[in-house]
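Colleague: Have a look at the structure that comes next, please.
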């Protein structure tokens, strides 16, 4: 079952902040975040594991609320390079199957 | 290290034909996953292989199949192509350092068009 992402799209000016949310109706083992620029492959940003372990980007932060099965990705002091579509992927168990949300399109303008 | 490579990059087929797509993972990566990406459905998980064994698969019909070789290279096959199979097919390799899905390194994809 696909996680639900919100918002679908967001427009920012350089330096502004944004939050992207990812929700699941099922208990989760892990949440993964990727960014895809137009015409390119998705690029890894962050993994958040049940129990609090995180692996990822120094300049991107995220949280994982295990009780609510929700994750949020925080874009702080956005730069033009942050533009792209952000996908969250969820894994219900450690079963090597990622289900991705529909994506959030972020546009950062000068 | 070289990244994930996928061949061919573009493919045009007609309905009813079959197609084989190839993926070479990053050296040392033993896990390979396949995804279908379309504007309407987003990124959909097809299957994952590790050491030549399929560990999981998505909700796709049996026309979609895959395999992995001893050198970790992987192929996916789609038989009896339908118009709805037109999509970008992405392969991702992973170092698989622990339990569960690890960091996915995506290839550039194969753009399949079915006429």
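Colleague: Per residue, how much space in cubic angstrom lies within the convex hull of the C-alpha atoms of the protein assembly as shown?
Modeller: Once divided by residue count, the hull of the protein assembly as shown is 121 Å³.
Colleague: What average number of partner chain Cβ atoms lie no more than 10 Å from the Cβ of the residues making up A:99-106?
Modeller: The mean count of partner-chain Cβ atoms within 10 Å per residue comes to 3.
Colleague: Next question. Rank A:41, A:77, A:62 by mean-square fluctuation in a GNM of chain A with C-alpha springs under 10 angstrom and give only the top-ranked residue.
Modeller: It is A:41.
Colleague: If I model a spin label as a point 7 Å beyond the Cα along the Cα-Cβ vector, how far apart are those points for residue B:2 and residue A:95 in nm?
Modeller: Label-label distance for residue B:2 and residue A:95, simple model: 3.5 nm.
Colleague: Run the numbers on the stretch B:1-65 and let me know its relative contact order in percent, using alpha-carbon pairs under 8 Å that are six or more apart.
Modeller: That works out to 21 percent.
Colleague: How much FRET efficiency would the formula 1/(1 + (r/R0)^6) give for residue B:18 and residue B:69, where r is the Cβ-Cβ distance and R0 is 25 Å, rounded to 0.05?
Modeller: My answer for the efficiency is 0.85.
Colleague: Quote to one decimal, in nm, the extra length available between residue A:53 and residue A:14 on full extension: 0.36 nm per residue of separation minus the C-alpha distance between them.
Modeller: 11.0 nm
Colleague: Among DSSP beta bridges lying fully in chain B, give the percent that are antiparallel, nearest 5.
Modeller: Close to 90 percent.
Colleague: Turning to a different aspect of this structure: Remind me, relative contact order of the stretch A:16-94 in percent, using alpha carbon pairs under 8 angstrom and six or more residues apart?
Modeller: It comes to 45 percent, rounded to a whole number.
Colleague: Given chain A, what percent of its DSSP beta bridges are antiparallel, to the nearest 5?
Modeller: Around 90 percent of the beta bridges assigned by DSSP in chain A are antiparallel ones.
Colleague: Report the paramagnetic label zone for residue B:38: residues of the stretch B:69-89 whose backbone N is under 11 Å from a point 7 Å from Cα along the Cα-to-Cβ axis.
Modeller: Correct set: B:82-88.
Colleague: Still on this model: What value in Å³ per residue do you get for the convex hull of the alpha-carbon atoms in the stretch B:3-115?
Modeller: Dividing the Cα hull volume of the stretch B:3-115 by its residues yields 92 Å³.
Colleague: So how far apart, in nm, are the two label points at residue B:53 and residue A:25 if each is 7 Å from Cα heading toward Cβ?
Modeller: The answer from the label model is 3.2 nm.
Colleague: Averaged over peptide B:104-110, how many Cβ atoms belonging to another chain are found within 10 Å of each residue's Cβ?
Modeller: Whole-number average of other-chain Cβ neighbours for B:104-110 is 4.
Colleague: Could you identify which residue out of A:45, A:98, A:80 has the top mean-square fluctuation in a GNM of chain A using Cα springs shorter than 10 Å?
Modeller: A:80
Colleague: Relative contact order for the stretch B:15-115: what is it in percent, counting Cα pairs under 8 Å that are at least 6 residues apart?
Modeller: Result for the stretch B:15-115 is 32 percent.
Any read-out appearing in this document is the output of simple, stated calculations on the displayed coordinates, not a laboratory observation. Owing to the predicted nature of the structure, the values given are computational and were not obtained by experimental measurement. Virtual Cβ from ideal backbone geometry, glycine too; neighbours counted across all protein chains shown.
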